[in-house]
Amino acid sequence: MTRTPFLNSAVSLVVMALTCFSLSPVQADDDFKQQREALVEEIAEDLRSSDAILDQSELDPKVLKAMKTVPRHEFVPEKHKHQSYRNRPLPIGYGQTISQPAIVALMTNLLELETADKVLEIGTGSGYQAAVLAELVEKVYSIEIVPELAERAAEDLKRTGYDNVITRHGDGYYGWEEQAPFDAIIVTAAADHIPPRLLKQLKPEGRMVIPVGSRFMVQHLVLVKKTEDSDIITEQLLPVQFVPLTGEH
Ligand code: SAH
């Protein structure tokens, strides 16, 4: 009977391999936390050394903290989870993507949020950007046009404890009249013009960030400010690449 010991050691090798390579949930969370902190530090450093892009080359410490807190991997489909803390967009299904972390940090920073601010997001997608906003303000409203994504994001936000995000399925081009006005609006899909209703739903002294441009043209991230007298000031910041804002308009 020479085969039994061999089989036994083969089995124990397999068991060993499984033990080595499958991390327990706690280990995986620790691992993700480390990866997340390293990524956020890298983003902050990149921004500091790229002062040509923005006059504000520092991430607000509150934004840094929010980025270090939100578990991006909880908003990434299983297949791509291991890539959650790479600085890149990832597919979330239905031809859509979860935005690149650096862009999420930058857009959030540009909104200059205060805790009491009421924020509107157009394009819930995975729910990740909404979660980052929810770390900074009391109430976030977010609209998604793809019903399946709207439903999944609502579930993921609930599971991760972001009860202060109110989601809705619909066309965000028209904003959210019943909840307006907003202190800040963030649009995470590119439009070829700034939707007039969104401008209307922005409070005086409010801020909006939106990628402007079509699928085939260069898009630019635009910062919109409404003055105390409701004048509109726009500033074109940097070239970006977003999925298009769809809908009937
Ligand atoms: N903020 C998202 C990014 C998702 S990509 C995240 O953190 O994951 C942009 C999203 O905008 C897509 O899910 C797309 O379906 C959605 N979208 C496109 N046009 C829209 C519209 N008119 N109204 C609402 N959502 C829209």
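The values are calculated or read from the model by the stated rules, or taken from the named source; none is laboratory data. Since this is a predicted model, take the numbers as computed values, not measurements. Positions of Cβ are backbone-derived with ideal geometry, glycine not excepted, and every protein chain shown enters the neighbour counts.
The table for this structure:
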| read-out | value |
| --- | --- |
| Selection count where residues are under 15 Å from GLY93 (Cα atoms) and basic (Lys, Arg), scope the stretch 128-162 | 1 |
| Tally, over the stretch 85-105, of residues that are within 12 Å of the ligand (Cβ to nearest atom) and part of a loop (DSSP other than H, G, I, E, B) | 5 |
| Any hit, the stretch 235-246, residues being outside any loop (DSSP other than H, G, I, E, B) and either of a type in the set (D, E, K, R) or at positive phi (or both) | yes |
| Residue, surrounded by the most Cβ atoms within 10 Å (Cβ to Cβ), within the stretch 149-179, restricted to residues that are more than 11 Å from the ligand (Cβ to nearest atom) and among the polar types (S, T, N, Q) | THR160 |
| Test for ILE143: is it of a type in the set (A, V, I, L, M) and either crowded, with 21+ Cβ neighbours inside 10 Å or within 13 Å of the ligand (Cβ to nearest atom) (or both) | yes |
| The one condition in (1) in contact with a Ser or Thr (Cβ under 6 Å, 6 or more places away or on another chain); (2) within 12 Å of the ligand (Cβ to nearest atom); (3) not basic (Lys, Arg) that THR108 fails to fulfil | (1) |
| The lone exception for GLU114 - which of (1) in contact (Cβ under 8 Å) with a residue 60 or more places away in the chain; (2) surrounded by 14 or more Cβ atoms within 10 Å (Cβ to Cβ) it fails | (2) |
| Conditions (1) under 18 Å from the mean Cα position of the chain (by Cα); (2) crowded, with 20+ Cβ neighbours inside 10 Å; number of the one not met by LEU198 | (1) |
| Candidates ASP192, ASP231, filtered to the one that is charged (D, E, K, R) and at pLDDT below 95 | ASP192 |
| Filter result for VAL243 (at pLDDT below 95, within 14 Å of the ligand (Cβ to nearest atom) and touching a Gly at 6+ places or on another chain (Cβ under 8 Å)) | yes |
| Search result, residues across the stretch 64-96 that are among the β-branched types (Val, Ile, Thr) and buried (at least 18 other Cβ atoms within 10 Å of the Cβ) | VAL70, VAL76, ILE92 |
